[in-house]
Every structure is written in C-alpha cells, then in structure tokens.
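Just so you know, all these numbers are worked out from the coordinates, no wet-lab data involved. Note that the structure is predicted; figures quoted are calculated from it, not measured. Cβ: placed from backbone, ideal geometry, glycine included. Neighbour counts: every protein chain shown.
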Amino acid sequence: MASCGKPPRATGWLRQPSRILAGLWQRVRREAPHSRPAANAQPSLAYALFQMAPGHVLRALAARLVAELVPVFIPLLVKLATVFAQHKRHAARHASAPPSPPAWQGYVFVTAMFAMLLLYSWAFQWFFYEIGKATIIVRSALVSAMYRKSLVLSAQARARLTSGKLTNLISTDIG
C-alpha cells in the first residue's frame, strides 16, 4: 500500500531499457555539437536507438551480408562440378583422352555446394534472430520511456490523455 501516491518503482531489468535510453539520449545530446555541422541540429532518435543494441544490429548486418554473398558462389561451384563431370565422361568414352580427374574432386564440389547452402540458410536465420532481439530491446525501451513519461504528466495533461488513449498509443504506434 503506497500511501504517498507515487507509483511503485520498477526494479531490476524492468528499469534497464529506460535507463539505457535516457543515458544514450543524454550522450547523443552531449556529442551532437561535435558530430553535426549545423549548430541547431537535433539529436537523432535513430542513432540513439541503434546505440541501444549495436552488437545485435552489426551481427545482423554481417549475417545478411553473408546470406547475400553465398548464393553468388553456388553457380561457380555448379560450373566446376559440370566441367568435372564432362571431363570424367570424355575420359571414359575416349581412350586417347587425358586421364580422368580423381573422383574425390567431384565429392569436394558436391560437399562445397551443400556447405554453401547450409551457410546461406544459417546466415539468413541468424539475421532474423539478431534483428528480432534488437527489436525487442528497442521496443521495450520505447514502451518503458512512454510509460514513465505518462507517470510524470501534469494533471492538466493527464485530463487530456485517458488511459485507453495511452494504451492505444503504446500498442499501435510503438508495437
């Protein structure tokens, strides 16, 4: 029973996203004059949100890069396997032909194609996993910041903002 009328404070990990967002926002404001050419430029919300989960975003970008580059090499391996099969067939049909390539080369080409497809699949799934984690971090920080802001509204502002309107704002605009 809180007799002083203040809402209970969040503890542990519930406080962390809004603390991170507030700290990053202050850092962006502090660094804004040095990193921006215009004196009246506002801090970037996108930059502050990126700074909340830079590791997740960078790992997701690396995974997406791998997922986009791997399919480039698969046709090259198919071409090598086709040339190998043609040489093997030519050597089997003609006695005067140069000796056929060793069979292990064909197995290497097929194994490499399989490995490339596995790498592509893994990188694509890893991209969505990391982006999903970053999304959860950013969304929880925005919802927490919005909720904290609603707790410190003046009576006049609170009269204009019903709890249903606030819930709708959090659930549709942020989510």
Spin-label model distance (nm) - TYR107 vs ALA157, 7 Å beyond Cα toward Cβ: 7.1 nm
Estimated distance in nm for a label pair at ALA91 and ALA46, the labels positioned 7 Å out from Cα along Cα-to-Cβ: 5.6 nm
Full-stretch length increase - LEU69, PHE124 - with 0.36 nm per residue and alpha-carbon distance subtracted: 18.7 nm
Three-way shape call for the stretch 36-99 based on the alpha-carbon gyration tensor, with the a/c threshold at 1.5: prolate
Evaluated at q = 0.10, 0.13, 0.20 Å⁻¹: base-10 log I(q)/I(0), Debye formula over Cα of the stretch 40-155: -0.56, -0.71, -1.04
